[in-house]
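Some notes on the structure that comes next.
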Amino acid sequence: MAKNIEPKCKQCRREGEKLFLKGEKCFTDKCSIERRNYPPGQHGQKKGRISDYGGQLREKQKIRKIYGILEKQFRNIYKIADKQRGITGDNLLQLLESRLDNVAFHMGFGASRSEARQIVRHNCILVNGSRVNIPSYRVRAGDIVEIVNAAKEQLRIKHAIEMANSRTFPAWIEVDTKAMKGIFKMKPERSELPATINESLVVELYSK
C-alpha cells in the first residue's frame, strides 16, 4: 500500500503551520515550526509570489497531509462530497472528519492520526460492538467507538488518552476516558472545525 514517507516535521514546515502529525511533540517547543518556520530545502527562506493555482494546490496538499490521505483517496472523497446536498466544501470536511481513524484520534485513542490509523488496522477498535480494521470506515451519528478489552492495557493507548484528557474533546463526540469508549454524536458543523483550513480553494481547484 502506498503511503507518504516524507518526514512529518518537513510536511508542517512546507505548509507553514502545525498540522499536528507527531502527537505530543506538536504541543511543545520542540515542534519544528517553533524553531524554523520556513519551508525545508536550500531556498526555503526565500519568499516568492504564489499564483492562484499554486495556492489552491497547496491548500489541497495541506488538507491531505492533515488527514493522511493519498491523492486518489482524496479525489474519491471529493466526488462523494460533490454529489451530496449542501455545500461541497462542508461536505468534504465532514466526510474526512467522520473517518474511523480520525474519530479514534479525536477520542484520544491515538496520539496522532497516523497512530490512530495504526491502532485501527491492528484490530484494536470496536464500532457498535464489532471489530473494524478499515481506517476509512465512515462513522455515523450515534455509533459507539471503543478500544477492545485486549488492547486497553497498551501503554501507547493509555498515554494517548491521558494526554487527550488534559485537553478538551470536540463538541460532536462524547468520550468516557476510563472505559475507553466514545460516541460519535453528530457530524461536526463547519464552525467547529479549524479555521486555518480553506476548503473553498479545493473546490475551486477541482471545479476547473
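The values are calculated or read from the model by the stated rules, or taken from the named source; none is laboratory data. Remember, it's a predicted structure, so these values are computed and weren't measured experimentally. Positions of Cβ are backbone-derived with ideal geometry, glycine not excepted, and every protein chain shown enters the neighbour counts.
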Checklist outcome for this item: Per the filter on region 140-173, residues in contact with a strand residue (DSSP E or B) (Cβ under 6 Å, 6 or more places away or on another chain) and farther than 13 Å from PHE105 by Cα are ASP143, ILE144, VAL148
Checklist outcome for this item: Given (1) touching a helix residue (DSSP H, G or I) at 6+ places or on another chain (Cβ under 6 Å); (2) within 30 Å of SER207 (Cα to Cα); (3) of a type in the set (Ser, Thr, Tyr), SER114 misses just (1)
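Please verify whether ALA104 is touching a His at 6+ places or on another chain (Cβ under 9 Å), more than 19 Å from ILE197 (Cα to Cα), crowded, with 17+ Cβ neighbours inside 10 Å and touching a residue at least 12 places away in the same chain (Cβ under 8 Å), treating the condition exactly as stated. It would help to see each step written out before you state the result.
Values: touching a His at 6+ places or on another chain (Cβ under 9 Å): no; more than 19 Å from ILE197 (Cα to Cα): yes; crowded, with 17+ Cβ neighbours inside 10 Å: yes; touching a residue at least 12 places away in the same chain (Cβ under 8 Å): yes.
So ALA104 does not fit the description; no.
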Item to check | Filter result for SER130 (in the same structural domain as THR177 (by TED's automatic domain parsing), modelled with pLDDT under 95, among the hydroxyl-bearing types (Ser, Thr, Tyr) and under 23 Å from THR177 (Cβ atoms)) | outcome: no
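In this structure, does GLU189 turn out to be loosely packed, with under 14 Cβ neighbours inside 10 Å and outside the structural domain of ASN76 (by TED's automatic domain parsing)?
On the way: loosely packed, with under 14 Cβ neighbours inside 10 Å: yes; outside the structural domain of ASN76 (by TED's automatic domain parsing): yes.
Criteria met by GLU189.
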Checklist entry - Restricting attention to region 166-208, which residues are under 29 Å from ASP90 (Cβ atoms) and among the polar types (S, T, N, Q)? => result THR168, SER191, THR196, ASN198, SER200, SER207
Checklist outcome for this item: THR168 meets each of (1) more than 17 Å from the chain's Cα centre (by Cα); (2) more than 30 Å from GLN56 (Cβ to Cβ) with one exception, condition (1)
Next on the checklist: When you check ASN91 against the structure, is it assigned by TED's automatic domain parsing to the domain that holds LYS158 and either touching a helix residue (DSSP H, G or I) at 6+ places or on another chain (Cβ under 6 Å) or assigned to a loop (DSSP other than H, G, I, E, B) (or both), yes or no?
Outcome noted: no
Checklist entry - Restricting attention to region 130-152, does a residue exist that is surrounded by 15 or more Cβ atoms within 10 Å (Cβ to Cβ) and in contact (Cβ under 8 Å) with a residue 60 or more places away in the chain? => result yes
